[in-house]
Number of protein chains: 2
Amino acid sequence: MLPLSSQKLIYNPIINNLFSRSKSPHSKEIFQKIRKITGINSRNKEVYLLAVTHSSSTSSKYSNERLEYLGDAVLDTVIAEYLFKKYPFKDEGFLTNIRSRIVNRESLNTIARKLGLNEIIQHNARTDISKKKSSIHGNALEALIGAVYIDKGFKGSKKFIYTKIITPHLDIASIVNTPNNFKSILIEWSQKENKKIAFIEEKTEEDNRLFSITVMVEGKATGTASAKNKKKAQQLASEKACKALKVSLN
Amino acid sequence: MLPLSSQKLIYNPIINNLFSRSKSPHSKEIFQKIRKITGINSRNKEVYLLAVTHSSSTSSKYSNERLEYLGDAVLDTVIAEYLFKKYPFKDEGFLTNIRSRIVNRESLNTIARKLGLNEIIQHNARTDISKKKSSIHGNALEALIGAVYIDKGFKGSKKFIYTKIITPHLDIASIVNTPNNFKSILIEWSQKENKKIAFIEEKTEEDNRLFSITVMVEGKATGTASAKNKKKAQQLASEKACKALKVSLN
């Protein structure tokens, strides 16, 4: 294993490779916008530019995917601690559930667009990133958290997440008070207990506008429900499976 | 949302509740042993004692489960950064895969026992924690990381993980060079792509010592294999499914 000190040196080649690119007027403009989003005054342009570089971009050999992997972990830890402290008497099932509802793809995509990240993501012109549900936005937000972590360490990224994400964009109390997402409860349970689950989808014969979903747990049908949209059917089937398995939140 | 400063105050009630307990001679002895494991000289006995308190313990109203939730996230982040820096030219698929192989339950259980955590976990006498595969050990290790995080912050927990876990107990090069775990690759892929997968198990009719495993992806059989033990059959079936789906590592 490499000692801590030499590790600091070896992660830079990719970032250094972007250095020439970072001097173009276009890059300067993008970097100004990133600065406004983060509120961080940094000279470390390269890592921030990398954070908004989608893998489809032709202007760079490198993309934000590695930073996304890093930022995802940092965000999980910061939210974990936030909830740990905010809810001192709630058990870990509650904390895990609320966290997964905070950092879900949809919520991150929305926040990324509120921050204006969608407008500065560098991508191939043929790649459509304008769709409202595009995960490219949420992924770039995670990558930006990764960039802040590289530039300013854990404390800096925690401050960024608190001041630019949690405080302005997350209504934790309302998330807590919203009815539970039984599908995510079930998935968490299956991961913790190492059970295999699957959602089997069928159009019902009687009415093909109805979706029928069966939750399979270790190959055994554990809950079935029908509804006019797939998500609703998944929720209802998951709720039944949770009841059958006596899996509950808190 | 609570401001950062007041959040620091409110997570203490549970820990303070343990304070009286921490003065018993037995607790002092346990705490001495924890100190030896962590190498950390702290006055914050309570949080460390909580880290080794299993939920079956009758001597405390509280258990290490919340700390485990916190430590799990911290460990993920520290390992994420370690690999990010160690492998600057590997993509996030590689990094995610290696991390999941480092922090898997079995590996954490083994490290926990090497550290001697199994000898100091407080539990109900009727709860058998001696089994080699008991996750109680790995969970306590994660809780201990959570305790170090509460006591010494992110930097302190990073140091603990580097000096007491990675350096003495993890041979990363050998993990990287070990043939891939196709089941975990498949599970990671399914989570990333939001596909439902299930492992259906059958004893084969011809030979009931053989396990037959079918990987179902979105309800469709995607790979089947038989072997004399379940794990092997799962690996072979997953390998077939990975090939069929063109899912690969790197």
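Brief remarks on what is shown
- The charge dipole of chain B, taken about its Cα centre with unit charges on the Cβ atoms of Lys, Arg (+1), Asp and Glu (-1) only, comes to about 720 debye.
- Close Lys-Lys pairs in region A:183-237, where close means Cα under 24 Å and separation is 8 or more or interchain: 27
- Compared with the dominant principal axis of the Cα atoms in chain B, helix B:230-245 is inclined by about 60°.
- Cα pair distances in region B:211-250, grouped into 5 Å bins until the bin that holds the longest one, percent each: 7, 30, 28, 21, 11, 2, 0
- Rounded to the nearest 20 debye, the dipole size of the protein assembly as shown about its Cα centre is 1220 debye, using +1 on the Cβ of Lys and Arg and -1 on the Cβ of Asp and Glu.
- Options A:Leu144, A:Thr38, B:Ser238, ranked by Cα towards positive dipole end of the protein assembly as shown, top entry (Cβ charges): A:Thr38
- For region B:48-139: Kirkwood Rh in Å [reciprocal of mean 1/r, alpha carbons]: 14.5
- Paired Rg and Dmax values of chain A, which use every Cα atom, in angstrom: 21.2, 67
- Between identical copies, the spacing of B:Arg43 label points, each set 7 Å from Cα toward the C-beta atom, reads 4.1 nm from nearest to farthest.
- Partner lysines for A:Lys33 [C-alpha distance under 23 Å; skip if fewer than 8 residues away on the same chain]: A:Lys23, A:Lys45, A:Lys61, A:Lys114, A:Lys131, A:Lys132, A:Lys133, A:Lys152, A:Lys155, A:Lys158, A:Lys159, A:Lys164
- Rounded to the nearest whole angstrom, the semi-axes of the ellipsoid equivalent to region B:88-127, taken from the Cα gyration tensor as √(5λ), stand at 33, 10, 6, largest first.
- Placing a label point 7 Å from Cα along the Cα-to-Cβ direction at B:Leu210 gives distances to the equivalent points in the other copies of 4.1 nm, listed shortest first.
- Between A:Ala140, A:Ala221, A:Ala80, the residue with the greatest mean-square fluctuation in the GNM of chain A (Cα pairs under 10 Å linked by springs) is A:Ala221.
- Evaluated at q = 0.12, 0.15, 0.16, 0.29 Å⁻¹: base-10 log I(q)/I(0), Debye formula over Cα of region B:100-162: -0.31, -0.48, -0.54, -1.22
- Computed from Cα positions, the angle between helix B:25-38 and the longest principal axis of chain B comes to roughly 50 degrees.
- For region A:135-193, alpha-carbon Rg over 2.2 N^0.38 Å: 1.45
- Over the residues of the protein assembly as shown, the helix contribution to mean residue ellipticity at 222 nm works out to -17000 deg cm²/dmol, using -39500 (n - 2.57) for each DSSP H run of at least 4.
- Mean separation of Cα pairs under 8 Å and 6 or more residues apart, divided by the residue count, gives chain B a relative contact order of 17 percent.
- Listed residues A:Gly153, A:Gly138, A:Gly71, most fluctuating in chain A (Gaussian network, C-alpha, under 10 Å): A:Gly153
- Computed over chain A with a Gaussian network model linking Cα atoms closer than 10 Å, the most mobile of A:Leu210, A:Leu95, A:Leu70 is A:Leu210.
- Rounded to 10°, Cα long-axis angle of helix B:105-115 versus longest principal axis of chain B: 40
- Region A:182-245: radius of gyration over Cα atoms, expressed as a fraction of 2.2 N^0.38 Å: 1.06
- Taking the convex hull of the alpha carbon positions in region B:110-231 and averaging its projected area over all directions gives 11.7 nm².
- Projecting the Cα atoms of A:Phe160, A:Ile129, A:Ile185 onto the charge dipole of region A:119-201, computed from C-beta unit charges around the Cα centre, puts A:Phe160 farthest toward the positive end.
- Placing a label point 7 Å from Cα along the Cα-to-Cβ direction at A:Asp171 gives distances to the equivalent points in the other copies of 5.5 nm, listed shortest first.
- Normalised by 2.2 N^0.38 Å, with N the number of residues, the alpha-carbon radius of gyration of the protein assembly as shown equals 1.01.
- Computed over region A:116-205: relative contact order in percent, which uses C-alpha pairs under 8 Å that are six or more apart: 14
Only the coordinates and a few stated rules stand behind these numbers; no lab work does. Bear in mind that the values here come from a model prediction, so they are computed numbers and not experimental data. With ideal geometry, Cβ positions are generated from the backbone for all residues, glycine too; neighbour counts draw on all protein chains shown.
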